[in-house]
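Undergrad: This is the structure I want to talk about, given as structure tokens.
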Amino acid sequence: MIILGLDISSSRIGFCLINEKEDLLLVDEIKLKSSMSLEDRADIFKQKMQIIKEHSEVDYVFIEQPFMAFSGGKTTAATMAKLQRFNGMCSYVVHDLFCRTPNLLQANKARGLVGLKIKRGDNTKLKVIEWVSKKYQQEFIVEYTRHGNPKPGCDDKADAVVIALAGLKNLENNS
């Protein structure tokens, strides 16, 4: 059984493949240019998913559910609408290519399913990266900027891993 986990945003898409033994088979990201239309970004996503389809028999797809609430002035209604729209495009691509309806998982629920606890006030992105890199020490390599921060995209890849693992747990719990 192969599970595809996706963390979709309009600038980067983290993706990974795991099997039923929780082996990390693939983890990567798709970088998207802000100057491109959402439709062009969806085309790039589709091309990458076609390559995955050619090399892997994906049984289930889990996608991190797009954010649904405002977060302290960082997110505008226009940004949320754009993300929802793009997530819908990518969900359709998954449905069309893999003949599977993707399952949406909330980030908090996904972290709970895999046993990743984050204290209030902690940097969630860093904690997720640490957790994934500890679980997959050989397969998940964190690259750092010259200032000692994880390079952009590392958090998207880590989120995709958590989503895939949570999807597996979800399947186990419902069987």
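The values are calculated or read from the model by the stated rules, or taken from the named source; none is laboratory data. Computed from a predicted structure; not experimentally measured. Note that each Cβ is placed from the backbone with ideal geometry, even for glycine, and that neighbours are counted across all protein chains shown. Please note that ligands, DNA and RNA were not included when accessible areas were found on the heavy atoms of the full protein model with its side chains. Shrake-Rupley method; radii C 1.70, N 1.55, O 1.52, S 1.80 Å.
Undergrad: Compute a Gaussian network model of the chain, connecting alpha carbons closer than 10 Å, and tell me which residue from 164, 107, 77 fluctuates the most.
TA: Per the Cα network of the chain with a 10 Å cutoff, 77 tops the list.
Undergrad: Now, a different point. Using only the Cα atoms of the range 15-109, what are the Rg and Dmax in Å?
TA: 14.4, 42
Undergrad: For the range 89-170, which GluC sites (Glu not before Pro) are in a loop by DSSP, counting at most 12 other Cβ atoms within 10 Å?
TA: Hits after loop and neighbour filter: 143.
Undergrad: OK, next. Could you tell me what percent of the accessible area of the range 53-175 is made up of carbon and sulfur, with a 1.4 Å probe and every protein chain present?
TA: 49 percent
Undergrad: Looking at the chain, what % of its DSSP beta bridges pair antiparallel, to the nearest 5?
TA: Percent antiparallel among DSSP bridges in the chain is about 70.
Undergrad: Treating cross-link reach as a plain straight distance, find the lysines whose alpha-carbon is under 24 Å from the alpha-carbon of residue 48, omitting any fewer than eight places away in the same chain.
TA: Straight-line reach from residue 48, under 24 Å: 31, 33, 82, 151, 157.
Undergrad: Can you pull out the trypsin sites (Lys or Arg not before Pro) in the range 15-53 that DSSP calls coil and that have at most 13 other Cβ atoms within 10 Å?
TA: Sites meeting the loop and neighbour criteria: 21, 33.
Undergrad: I want to verify the translational diffusion coefficient of the chain in µm²/s; compute it with Stokes-Einstein, Rh as the Kirkwood radius over Cα pairs, at 20 °C and 1.002 mPa s.
TA: 130 µm²/s
Undergrad: Can you tell me the order of 84-93, 57-66 when each peptide is scored by its average per-residue count of other Cβ atoms within 10 angstrom, highest first?
TA: Packing proxy ranking, top to bottom: 57-66, 84-93.
Undergrad: I would also like to ask the following. With all protein chains present, calculate the accessible area of residue 76 using a 1.4 Å probe and round the result to the nearest 10 Å².
TA: For residue 76, the solvent-accessible surface is approximately 70 Å².
Undergrad: Rg to Rh ratio, the range 1-48, alpha-carbon atoms and Kirkwood radius?
TA: Checking Rg against Rh, the ratio lands at 1.07.
Undergrad: Within the range 112-175, which chymotrypsin sites (Phe, Trp or Tyr not before Pro) sit in a loop by DSSP and count at most 12 neighbouring Cβ atoms inside 10 Å?
TA: none
Undergrad: Can you report the principal axis dimensions of the range 115-174 using only the alpha carbons, biggest first, rounded to whole angstrom?
TA: 44, 29, 17
Undergrad: Would you calculate a helix-derived [θ] at 222 nm for the chain, using -39,500 (n - 2.57) for each DSSP H run of n ≥ 4 and dividing by the full residue count, to the nearest 500?
TA: For the chain, the value works out to -15000 deg cm²/dmol.
Undergrad: Less than 13 Å Cβ to Cβ from residue 88, Lys/Arg counted +1 and Asp/Glu -1: what total charge do the surrounding residues give?
TA: +1
Undergrad: Moving on to the next point. Under 17 Å between alpha carbons, and skipping anything fewer than 8 positions from residue 117 in its own chain: which lysines qualify?
TA: Those lysines meeting the cut-off are 109, 125, 127, 134, 135, 169.
Undergrad: State the Cα centre-to-centre distance between the range 1-64 and the range 89-151 in whole Å.
TA: Value for the Cα centre distance between the two parts: 13 Å.
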